[in-house]
1. Out of curiosity, is ALA7 in contact with a strand residue (DSSP E or B) (Cβ under 8 Å, 6 or more places away or on another chain), part of a loop (DSSP other than H, G, I, E, B) and within 25 Å of GLU78 (Cβ to Cβ)?
2. Please enumerate the residues belonging to the range 219-249 that are in a loop (DSSP other than H, G, I, E, B), in contact (Cβ under 8 Å) with a residue 40 or more places away in the chain, over 12 Å from the mean Cα position of the chain (by Cα) and closer than 21 Å to GLU190 by Cβ.
3. Quick check on the range 112-127: of everything there that is under 20 Å from LEU172 (Cβ atoms) and part of a loop (DSSP other than H, G, I, E, B), which residue is farthest from ligand 1 (Cβ to nearest atom)?
4. For a quick check of your reading of the model, give me the residue pairs whose first member lies in the range 168-185 and is on the phi > 0 side of the Ramachandran plot and away from ligand 2 (no atom under 16 Å from the Cβ), whose second is part of a loop (DSSP other than H, G, I, E, B) and modelled with pLDDT of 95 or more, with beta-carbon atoms closer than 8 Å and at least 6 apart or on different chains.
5. Would you confirm, using the coordinates I've provided, whether GLY39 is surrounded by fewer than 17 Cβ atoms within 10 Å (Cβ to Cβ), within 29 Å of HIS178 (Cβ to Cβ), modelled with pLDDT of 95 or more and away from ligand 1 (no atom under 16 Å from the Cβ)?
6. Only one residue in VAL208, VAL198, VAL214, VAL192 is assigned to a strand (DSSP E or B) and β-branched (Val, Ile, Thr), so which one is that?
7. Hey, could you check the range 168-190 for residues that are surrounded by fewer than 19 Cβ atoms within 10 Å (Cβ to Cβ) and under 19 Å from GLY233 (Cα atoms) and say which is nearest to ligand 1 (Cβ to nearest atom)?
8. Restricting to the range 112-132, count the residues that are more than 24 Å from VAL146 (Cα to Cα) and either surrounded by fewer than 21 Cβ atoms within 10 Å (Cβ to Cβ) or at pLDDT below 95 (or both).
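The values are calculated or read from the model by the stated rules, or taken from the named source; none is laboratory data. In this text the structure is predicted, and so the values were computed from the model without any measurement. Every residue, glycine among them, receives a Cβ derived from its backbone with ideal geometry; neighbour counts consider all protein chains shown.
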Amino acid sequence: MISPSAAIDISVDNHVHSRLCHHAMGEMEEYVLAGLGAGLKKIIFLEHFEIEIKYFESTWLREDEFAGYHREGCRLSEKYQGKIEIGTGVEVGVNPDRLPETIDFLIKFKWDRIGLSYHYLDTGDGHVNMVSRRPENIALMEKIGVEKVAAAYFTGLQKALAIIPADVVCHLDAVLRHCPSFSFSQEHFEKVHEILMVMGAKDIALEVNTSGFVLRNEPFPAVRILKQAQKMGVGLLAGSDAHRPEDVGRYFDRLPLLLD
Ligand SMILES: [Zn+2]
Ligand SMILES: [Zn+2]
């Protein structure tokens with residue numbers, strides 16, 4: 001049973017996917033039913049948008065798929081009115097070289113939430129997925145140099161934060177999460193601090209992504225960063241990043257203890 005917490009609202013799952021993004025399982029309605037089953041009062045779909053990414057597979061919706069996504073979000077919202085609220089949002093993947101085009105896309109729809117994530121880094125010869133566990137991505141990041149990748153991640157994210165009308169930053173420290181040779185240094189924490197300052201000034205929230213519990217027994221970002229965000233007055237939003245209906249609201253019961 002969900003108990004109320006002053007630090008974070010765990011009755012809302014602010015980040016779920018569906019099979020529409022080509023790497024999650026289950027229909028949108030199955031996620032709604034899972035949210036109802038978990039006793040949530042609201043779930044927000046945050047489907048993947050990426051722009052001009054050169055990668056061997058597509059882990060995002062094509063532009064022409066977003067209209068159907070919105071229609072289904074509206075239909076479900078009406079169908080489950082009074083039982084559970086449903087939001088239709090987008091997880092915008094940063095492409096630092098395509099920010100004006102990203103905004104052109106965003107203004108075509110009315111979003112309940114715009115999340116900002118940075119997944120794909122341009123290597124000059126295609127893109128590498130910075131959050132992937134695939135050996136070929138890890139090998140490529142090691143070849144580029146993990147410090148170089150991390151620096152590019154922060155620079156690109158800052159560039160995007162300056163102009164994309166985001167409501168929330170997703171899984172802030174998940175970059176390079178599967179690279180064994182990488183861990184956050186003092187310099188990285190300083191970058192995070194700069195980013196949190198911008199977020200605070202622009203009233204952009206920080207996601208508490210509970211998928212991290214599976215990997216490292218701590219959300220993305222780490223508790224240390226979450227506490228800092230709290231101190232700086234940055235709002236926190238819980239998100240499961242569910243790619244399977246059964247993961248909706250996962251580990252939310254752990255959050256109040258972690259953050260109060
Ligand atoms: Zn995904
Ligand atoms: Zn993501």
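1. Details: in contact with a strand residue (DSSP E or B) (Cβ under 8 Å, 6 or more places away or on another chain): yes; part of a loop (DSSP other than H, G, I, E, B): yes; within 25 Å of GLU78 (Cβ to Cβ): no.
It is false that ALA7 is in contact with a strand residue (DSSP E or B) (Cβ under 8 Å, 6 or more places away or on another chain), part of a loop (DSSP other than H, G, I, E, B) and within 25 Å of GLU78 (Cβ to Cβ).
2. Result: ALA222, single match.
3. By that ranking, first place goes to ARG113.
4. Within 8 Å, no pair qualifies.
5. no
6. Answer to the selection: VAL208.
7. PHE189
8. 3
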